[in-house]
1. One residue is enough: does segment 20-37 have a residue meeting the conditions open to solvent by 60 Å² or more (accessible area, probe 1.4 Å), outside any strand (DSSP E or B) and modelled with pLDDT under 95?
2. For Ser24, are the conditions met, namely being touching a residue at least 60 places away in the same chain (Cβ under 8 Å) and of a type in the set (Ser, Thr, Tyr)?
3. Could you identify the single residue in Pro46, Pro104 that is at pLDDT below 95, within 18 Å of Ala23 (Cβ to Cβ) and either outside any loop (DSSP other than H, G, I, E, B) or open to solvent by less than 30 Å² (accessible area, probe 1.4 Å) (or both)?
4. Say whether the condition of being free of Cβ contacts under 8 Å to residues at least 12 places away in the same chain and in contact with a Phe, Trp or Tyr (Cβ under 8 Å, 6 or more places away or on another chain) is met by at least one residue in segment 67-76.
5. Return the residues of segment 58-81 that are of a type in the set (A, V, I, L, M) and either within 17 Å of Arg18 (Cα to Cα) or surrounded by 12 or more Cβ atoms within 10 Å (Cβ to Cβ) (or both); say none if nothing qualifies.
6. Of Val4, Val11, which residue is in contact (Cβ under 8 Å) with a residue 60 or more places away in the chain, of a type in the set (Val, Ile, Thr) and open to solvent by 70 Å² or more (accessible area, probe 1.4 Å)?
7. Hey, can you tell me all the residues within segment 58-101 that are charged (D, E, K, R), outside any strand (DSSP E or B) and out of contact with any strand residue (DSSP E or B) (no Cβ under 7 Å at 6 or more places or on another chain)?
8. Looking at Tyr58, Tyr92, which one is of a type in the set (Phe, Trp, Tyr) and in contact with a Ser or Thr (Cβ under 6 Å, 6 or more places away or on another chain)?
Amino acid sequence: VQFVESGGGLVQPGRILRLSCGASGFPFSAYDMGWHPQAPGNKYDPVATITSGGDVSYTEFAKGRFTISRDNAKRAVYLQMNDVKPEDAAVYYCNGAGPVVPFPWGQGTQVTVSS
């Protein structure tokens, strides 16, 4: 199993960022997926999840600003982050919809928010 996250970087507050994750080594379309930010001292709880059928859910933190989507043909899951805030800064990982995840973590993609 492998996850390759990308799309992070340095972004100013209020801007948009789109994260991507490519997955391999398991039947992707059958799995619920999630995006898990990890900031120092925080758990890997997901902020956004999407079921195999495309139903989405968000934490209150992410609701209204983040959009999770998936493309089963490309074995990819995405996270669009609108109106990025300093508290969004973290390393973002994709994996199964947690908080207990079924697979090893990838390298993640760092999101840094600064003006």
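1. Restricting attention to segment 20-37, the residues satisfying the condition of being open to solvent by 60 Å² or more (accessible area, probe 1.4 Å) are 25, 27, 29-32.
Now drop any that are not outside any strand (DSSP E or B), which leaves 25, 27, 29-32.
Adding the requirement that they be modelled with pLDDT under 95 leaves none.
No, segment 20-37 contains no residue that is open to solvent by 60 Å² or more (accessible area, probe 1.4 Å), outside any strand (DSSP E or B) and modelled with pLDDT under 95.
2. No, not satisfied.
3. Working: Pro104 fails: either outside any loop (DSSP other than H, G, I, E, B) or open to solvent by less than 30 Å² (accessible area, probe 1.4 Å) (or both).
So the residue among Pro46, Pro104 that is at pLDDT below 95, within 18 Å of Ala23 (Cβ to Cβ) and either outside any loop (DSSP other than H, G, I, E, B) or open to solvent by less than 30 Å² (accessible area, probe 1.4 Å) (or both) is Pro46.
4. yes
5. Ala62, Ile68, Ala76, Val77, Leu79, Met81
6. Just one listed residue meets the conditions, Val4.
7. Once the filter is applied, which keeps residues that are charged (D, E, K, R), outside any strand (DSSP E or B) and out of contact with any strand residue (DSSP E or B) (no Cβ under 7 Å at 6 or more places or on another chain), segment 58-101 yields Glu60, Lys63, Lys74, Asp83, Glu87.
8. Tyr92
The values are calculated or read from the model by the stated rules, or taken from the named source; none is laboratory data. Just so we're clear, the structure is a prediction, and the values are computed from it rather than from any experiment. Please note: Cβ atoms are built from the backbone with ideal geometry, for glycine as well, and neighbour counts cover all protein chains shown. Please note that ligands, DNA and RNA were not included when accessible areas were found on the heavy atoms of the full protein model with its side chains. Shrake-Rupley method; radii C 1.70, N 1.55, O 1.52, S 1.80 Å.
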